[in-house]
Amino acid sequence: MMVQSLTGIDPRDARLLAYAVPVLMLFPLAWELAVDFRFATGCWEGYHFWIPVVQYIWYIQYAIFPL
């Protein structure tokens, strides 16, 4: 028997979505870490690869918790 909430969405689907969203948000961060580190070590000596990573983390924080 399917259990549905007032919104018509199965609570199990909502729980799966709640677990999937943070993982999907971290994939671009991991990709940016890899690409920026490769750029910093291969092309431009002294490039601080963590700056775009921190900016992406701030973007996520402000998207979740706007000022």
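The table below gives the values:
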| read-out | value |
| --- | --- |
| Enumeration of residues in the range 35-67 that are of a type in the set (Gly, Ala, Ser) and surrounded by fewer than 11 Cβ atoms within 10 Å (Cβ to Cβ) | 42, 46, 63 |
| Top-ranked residue of the range 1-33 - restricted to ones that are in a helix (DSSP H, G or I) and over 22 Å from residue 63 (Cβ atoms), ranked as modelled with the lowest pLDDT | 11 |
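The values are calculated or read from the model by the stated rules, or taken from the named source; none is laboratory data. Just so it is clear, the structure is predicted and the values come from calculations on it, not from any experiment. Virtual Cβ from ideal backbone geometry, glycine too; neighbours counted across all protein chains shown.
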